[in-house]
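To start, the structure itself, in structure tokens.
The values are calculated or read from the model by the stated rules, or taken from the named source; none is laboratory data. Nothing here was measured: the structure is a model prediction, and the numbers come from that model. Here Cβ is always computed from backbone atoms with ideal geometry, including for glycine, and neighbour counts include all displayed protein chains. Calculation scope for accessible area: heavy atoms of the full protein, side chains included, ligands and nucleic acids excluded. Shrake-Rupley method; radii C 1.70, N 1.55, O 1.52, S 1.80 Å.
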Amino acid sequence: MKFSELVNRIDPAAATNLTAGLEHDPDILGVSAIEEPLPQTLSYIEGAKFAHHIASTPVSALILPNDPDLQSQATDRGLAWVVSSLPRKLFAQAIAEFYQPFRLDAEIHPTAVIHPSAQLGDKVAIGANVVIQADVVLGDGVCVHPNVVIYPQVRIGEGTTLHANCTIHERTVIGSGCVIHSGAVIGAEGFGFVPTPEGWFKMQQSGYVILEDQVEIGCNSTVDRPALGTTVIRRNTKIDNLVHIAHGCQVGENCIMAGQVGLAGAVKVGNQVILAGQVGIVDHIEIGDGAIASAKAGVHHNVKAGEIVTGVPAISHKLFIKATAVFNRLPEMYQTLRRLQKQIESD
Amino acid sequence: MKFSELVNRIDPAAATNLTAGLEHDPDILGVSAIEEPLPQTLSYIEGAKFAHHIASTPVSALILPNDPDLQSQATDRGLAWVVSSLPRKLFAQAIAEFYQPFRLDAEIHPTAVIHPSAQLGDKVAIGANVVIQADVVLGDGVCVHPNVVIYPQVRIGEGTTLHANCTIHERTVIGSGCVIHSGAVIGAEGFGFVPTPEGWFKMQQSGYVILEDQVEIGCNSTVDRPALGTTVIRRNTKIDNLVHIAHGCQVGENCIMAGQVGLAGAVKVGNQVILAGQVGIVDHIEIGDGAIASAKAGVHHNVKAGEIVTGVPAISHKLFIKATAVFNRLPEMYQTLRRLQKQIESD
Amino acid sequence: MKFSELVNRIDPAAATNLTAGLEHDPDILGVSAIEEPLPQTLSYIEGAKFAHHIASTPVSALILPNDPDLQSQATDRGLAWVVSSLPRKLFAQAIAEFYQPFRLDAEIHPTAVIHPSAQLGDKVAIGANVVIQADVVLGDGVCVHPNVVIYPQVRIGEGTTLHANCTIHERTVIGSGCVIHSGAVIGAEGFGFVPTPEGWFKMQQSGYVILEDQVEIGCNSTVDRPALGTTVIRRNTKIDNLVHIAHGCQVGENCIMAGQVGLAGAVKVGNQVILAGQVGIVDHIEIGDGAIASAKAGVHHNVKAGEIVTGVPAISHKLFIKATAVFNRLPEMYQTLRRLQKQIESD
């Protein structure tokens, strides 16, 4: 389609301000990354770091930040461009114009095993070999890919997608617009065992899991239900693959957890928190709004709102960077100390 | 039910000693956590840390430790109570009076695919789309949830539960009373490759996995079989989600492994060992009875019975705490050292 | 079979050099590990560390390295033996003479759900409840175990095996001779979200995953597809259980990744790289050919070819070992420093 038409679709407001390159108004066949650019595509530049690509890129159009210098470079090259305060978001919208992930047709595959008490909304898609047990409620437009198992009394909101081979345990409540990726397990029994002289005694896990709207849970990740009460993940929080959320955790809105993060029992995470890859948080810890834990951090103490922590046990990121710089010099420091010691004691 | 009846069911011995609050003998409708208490429920207090709740809790009855002070406080509030040396265990028993996890009915779903050579005990429950291959033997009361796959020659003991979408590989032996949670994979090929000038050469894994009685394996955890011999997890050991037990490991009785623990090949773990979240143990290491590895520890050396280790590489927990305290002061220590050095060398 | 026949089968070249023990040419019933040896079996000794077993082992035959001393010890014990420059590889070949993993018969189970547009090669084996969607192409001899789900437009090369309950997402290309272990998820959406003032905005992941020939992916591991372009794992690279490879990573040939390794987005890994258990690599990092990251390393900087790195953040392994040794002495070092400080300042 024409560049102007594409911009009009993804950002009508921006389209009214299209100023440059539109003499040509090139045909755009797709999108490409600025580092692997393709002719006749749209790409984007987020900031100065990638600006040098403008001089030679074979793409036909660019999304640019509000930077007159970059814009005039693009104009000089004869490229069409549009300005956005969030170039990457606009680019994501452009990808979605050219590509939508595979969805099942809104029908029920004859091999699906659906309990007669289950309630299915309009335009629900149920794939082959899906198993839906008693008293499950699926909202309109829910898409359940093949071989998913849903235990009894689960409720799933409108437009949520469950990918293949995932398992949703009894009483789980999932909001609308969520995505549960392949192999994820939501609502299984929390890891609750009481130490006794005869060994570990199982505590039944009578609670359930709540995922609010727009939550995503990555492939093979697990969110456990607690002995009593709920495990909650609030709206628009996105969780990557192989993450473990233990029983009784309360996770706020708009958080991001990267791959292989682990939360022990009853952790409280605020809103807009970022946990980088392989972070671990011990039980009953509280993480304040907007806090960040760096990759591989092991959090043993509460983290205040806005704080950035690193290391095991996690400390202030700034302190960690300084202390680590000295750690790398410990061998020479040790030698220096011993030399001084000898010198002083021989005085 | 009446409080006295509940106590009688869960601990008849304790019931004979019920002494206080029984004028009222309140109706108990359920259980609740002392921090999220509900009226007309039973809760428990394990120690002094939670004692302040007694003054205002809306619950009707409490399980208390053997502490006359707490008991008289409860009596003063008009609460019914019972004493236990293991309050949390008794509370777990009370939960189980009011709640039992979902179980399939003891029947075989018509969509299950069961090889004619498989032997099924009495009252076995087989869910939809389960696949059971040749020469599998299931004991009485085994419950296999939907979409589980069992490879040939697997034996599973009485009353064991396999949750949805888990996979049990060839020749695995699982004891009685075990729980294999959703998505777990037991008995797959160990990661055995021989380095050669032409690249990695696959070593077939001809051994098998043994899980003894009462073992639990968490969601999406994996226990691999070895090239020769067995991988063994002994009775009553409980393993959380996303744990990896490599080929040839020997794990003792009554151990606990929290989420995302990883054991490399041929690790030997004694009895009553506790491995906290995200612990990793390198191959061929031996961990003595009753040892503890703290969260995120990386164990590169054998650990003696009863030892507590922390850090990467893991050292004595006490030493780690002291060394870490100094680590956090490394920047100032470095400055001090340089100042002293200048002072001395300028003398 | 006779030892000489066994050697002839697994290494005809070596068979012509059989020199010792062949007066007896023992019957070999199987293989056993030198540390758990069985009578009438073949075992192997790789080097001096295990040489003491020769004196008392009950096995009938050994694979030995080119070491005349070990060979004469074996001859003295009346053991048959054969020499190899790669004893472990020859032993792996011997295992494969006595054991082959379970394979499905080359037929299509009637419960499999196969889209009419899918193209299946010769001698393909499709297990029960497998779901194969539109435009999938399976090469000759592909073996798909029960309950696997294959999304549309996937291509899988000759002789590749997919174990139970794994999921292959749309457009994934898998080479020949690969093994995808149970529960693994290949080609799911990368974790791509754009920060905006209204929260995380999803970027569709229009790329796909390529696994070249002879790649193995462990149980419950995940390899994600990128927003644009490909995630690639090159030939003969072997990946263990619960590993996460994020969107856009490029992994070279003949690499090994042990359990629970995690690669963030767009990491580039060279050839012959070894990543030990629980290693994490942050996004956009490059790892040179032949580099090694030790268990639990957290790699925040590019790693040169051949380098060995350890720690978080990962540094040269040699420096890490030295610095760690001092770390363990930090408490005493701190005391020493304070004592010196007082001494000097009181002068």
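Data table
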| quantity | calculated |
| --- | --- |
| Dipole in debye (nearest 20) - chain A, about Cα centre, beta carbon charges: Lys, Arg +1; Asp, Glu -1 | 1060 debye |
| Shielding by other protein chains, A:66-74, mean Cβ within 10 Å | 0 |
| Cα centroid of the range C:244-323 to Cα centroid of the range B:159-193, whole Å | 31 Å |
| Sum of side-chain charges, C:Gly127 neighbourhood, beta-carbon under 13 Å (Lys, Arg +1; Asp, Glu -1) | -1 |
| Potential lengthening between B:Ser346 and B:Asn8 on full extension [0.36 nm per residue; Cα-Cα distance subtracted] | 113.5 nm |
| Hull volume in cubic angstrom per residue (convex hull over the Cα atoms of the range B:89-206) | 133 Å³ |
| Listed residues C:Gly175, C:Gly47, C:Gly157, most fluctuating in chain C (Gaussian network, C-alpha, under 10 Å) | C:Gly47 |
| In the B-C interface, the accessible area buried, summed over both sides, Å² (probe 1.4 Å) | 5200 Å² |
| Cross-link pairs beyond the 26 Å C-alpha cut-off, checked among C:Lys202/C:Lys268; A:Lys318/C:Lys238; B:Lys49/B:Lys304; B:Lys268/C:Lys296; A:Lys268/A:Lys296 | A:Lys318/C:Lys238; B:Lys49/B:Lys304 |
| Dimensionless Rg/Rh of the range C:3-98 - Kirkwood Rh, Rg from C-alpha atoms | 0.90 |
| Size of electric dipole in the range A:224-318: Cβ of Lys, Arg +1 and of Asp, Glu -1, about Cα centre, debye, nearest 20 | 100 debye |
| For A:Gly47, label point 7 Å along C-beta direction: distances to other copies, nm | 4.8, 4.8 |
| Positive-pole candidate from A:Val282, A:Ala112, A:Gly175, dipole of chain A, charges at beta carbon | A:Val282 |
| Average beta-carbon neighbours from other chains, 10 Å sphere, peptide A:140-150 | 5 |
| Carbon plus sulfur fraction of accessible area for the range A:181-249, probe 1.4 Å, in percent | 51 percent |
| Residue among A:Ala325, A:Ala14, A:Ala276 with the largest mean-square fluctuation in a Gaussian network model of chain A, springs linking Cα atoms under 10 Å | A:Ala14 |
| Delta accessible area of at least 10 Å² on complex formation, residues of the range B:271-297, 1.4 Å probe, chain isolated as reference | B:Ile274, B:Gln278, B:Gly280, B:Val282, B:Ala295, B:Lys296 |
| Amide hydrogen neighbours beyond the local backbone of B:Trp81, cut-off 5 Å, H modeled | B:Ala20, B:Leu62 |
| Heavy-atom accessible surface of the range A:97-153: percent carbon and sulfur, 1.4 Å | 49 percent |
| Exam field: B:Asp67 pseudo-label spacings to other copies (7 Å along Cα-Cβ), nanometres | 6.2, 6.2 |
| Shortest-first distances to equivalent copies, position C:Ser85, nm, label 7 Å out along Cβ | 6.8, 6.8 |
| Percent breakdown of C-alpha pair distances by 5 Å bin, ordered from the shortest bin, for the range A:31-164 | 2, 10, 16, 16, 7, 5, 6, 9, 9, 9, 6, 3, 1, 0 |
| Whether chain A is rounded, prolate or oblate, judged on the alpha carbon gyration tensor where a/c under 1.5 counts as rounded | oblate |
| Size of electric dipole in the protein assembly as shown: Cβ of Lys, Arg +1 and of Asp, Glu -1, about Cα centre, debye, nearest 20 | 2440 debye |
| Charge-dipole axis of chain A as Lys and Arg at +1 and Asp and Glu at -1 on Cβ define it, positive-most pick from A:Ala128, A:Ile28, A:Ala188 | A:Ala188 |
| Per residue solvent-accessible surface (Å²) - the range C:166-313, probe of 1.4 Å | 26 Å² |
| Shielding by partners, peptide A:85-98 (average Cβ within 10 angstrom, other chains) | 4 |
| Loop-located GluC sites (Glu not before Pro) in the range A:19-70 whose Cβ has at most 14 other Cβ within 10 Å (DSSP) | A:Glu23, A:Glu35 |
| Residue-averaged [θ]222 nm for chain C, counting only DSSP H segments that reach four residues, each worth -39500 (n - 2.57) | -5000 deg cm²/dmol |
| Shape of the range C:214-347, Cα gyration tensor, a/c cut at 1.5 | prolate |
| Whole-number accessible area per residue in Å² for the range C:59-124, which is evaluated in the context of all protein chains at 1.4 Å | 51 Å² |
| Average projection area in nm² (convex hull over Cα atoms of the protein assembly as shown, one quarter of hull surface) | 50.1 nm² |
